[in-house]
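*Asks:* Below is one structure. I have some questions about it.
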Amino acid sequence: MSPSVETGPLPSPVTADDVDLAVRLAVDVLRDAPSERWGDRAGSLEWDCWETAEHLANDLLYYSVQLGPQVPPLDTHVPIALNRKRPDAPVVFLFADRAAGPAGLLQVMEACGALLVAMVRTTPSGVRAHHAAGVADPEGFAALGVQETLVHTHDLAEGLGLAWTPPSALCSRVLTRLFPEAPGGADPWRTLLWATGRAELPGRPRLDRWRSDSTPRS
């Protein structure tokens, strides 16, 4: 008989519930933002807060759309036309109605998050679809959705003058799934900010370039 090999516990996957939690926590924080500050710059980004929230909503919708076709493309995204309202604005395919104000913008974010939650829950785990960070499975798109929600809410909180610290366990699952080479031992939220070019870690300067890895894990 071959000797048993101890592999240790498997890491907890990123789930549809994690996407739901991240979006819900983000919207709860952003509802407290002063309406007159949505035109302010979002943290270290070149976009204002409205554009950044609009970009986040588009990310959530984009991830859900990639999982939608019966045979998702693996070499490029589903061909929805992209646009932008000014040269330095984010590229999007969905614009929130400015007349609806910040409350309407957050409804758009919630709706797009709900679509990703539904797609992650209902798409078989063996499905693969294109993403620039690597052909991904449903869990990979869930992790990307959580990453974008957490770090862009950080950008928004800086621009809007809000406090934002997401749950450590949620940050840890995203790091394990998308940044397997990230250093351990530090606060998971601070490490996620470092991994996405938004903070320093002890002995590690802020990154000028970064890339997540959404390819499936064995």
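*Asks:* Rounded to the nearest whole Å², what accessible area per residue is found for the chain with the 1.4 Å probe? Intermediate values should be presented prior to the final figure.
*Replies:* Working: 11110 Å² over 218 residues.
Per residue, the chain has an accessible area of 51 Å².
*Asks:* For the chain, list the DSSP H helices whose alpha carbon atoms reach 27 Å or more along the long axis and whose average Kyte-Doolittle value is 0.5 or above? Please report the intermediate quantities before stating the final value.
*Replies:* On the way: long enough: 101-122 (32 Å, 1.20); 138-160 (32 Å, 0.16).
The qualifying helices are 101-122.
*Asks:* How much length is gained if the chain between LEU94 and SER125 is pulled fully straight, taking 0.36 nm per residue apart and subtracting their Cα-Cα distance, in nm to one decimal?
*Replies:* That pair, LEU94 and SER125, stretches by 8.4 nm at full extension.
*Asks:* In region 80-180, with Lys and Arg counted as +1 and Asp and Glu as -1 at Cβ, which of these residues, VAL120, LEU82, LEU94, has the Cα nearest the positive end of the dipole, that is, farthest along it?
*Replies:* With unit charges placed on the Cβ atoms, the residue in question is LEU82.
*Asks:* Using 0.36 nm per residue, how much length does the chain from ALA81 to ALA132 gain when fully extended, once their Cα-Cα distance is taken away?
*Replies:* 16.7 nm
*Asks:* Roughly what percent of Cα-Cα pairs across region 9-63 reach past 15 Å?
*Replies:* Counting every Cα pair in region 9-63, those more than 15 Å apart make up 61 percent.
*Asks:* Here is a follow-up. At 222 nm, what value in deg cm²/dmol follows for the chain if DSSP H runs of at least 4 each add -39500 (n - 2.57) and the sum is divided by all its residues, to the nearest 500?
*Replies:* So the helix-based figure for the chain works out to -15000 deg cm²/dmol.
*Asks:* If you take the beta carbon distance between TRP210 and GLU46 as r and set R0 to 25 Å, what does 1/(1 + (r/R0)^6) give as a FRET efficiency, to the nearest 0.05?
*Replies:* Between TRP210 and GLU46 the formula returns 0.90.
*Asks:* D for region 44-94, whole µm²/s, Stokes-Einstein with Kirkwood Rh over alpha-carbon pairs at 25 °C and 0.890 mPa s: what number?
*Replies:* D, rounded to a whole number, is 203 µm²/s.
*Asks:* Could you work out which residue, out of ALA103, ALA157, ALA129, moves most in a Gaussian network model of the chain, that is, has the largest mean-square fluctuation with Cα springs under 10 Å?
*Replies:* Maximum among the listed residues: ALA103.
The values are calculated or read from the model by the stated rules, or taken from the named source; none is laboratory data. Predicted model only: the values in this text are computed from it and were never measured. Counting neighbours? That spans all protein chains shown, and the Cβs are built from the backbone with ideal geometry, glycine included. Side chains included, ligands, DNA and RNA excluded: accessible areas come from the protein's heavy atoms. Shrake-Rupley method; radii C 1.70, N 1.55, O 1.52, S 1.80 Å.
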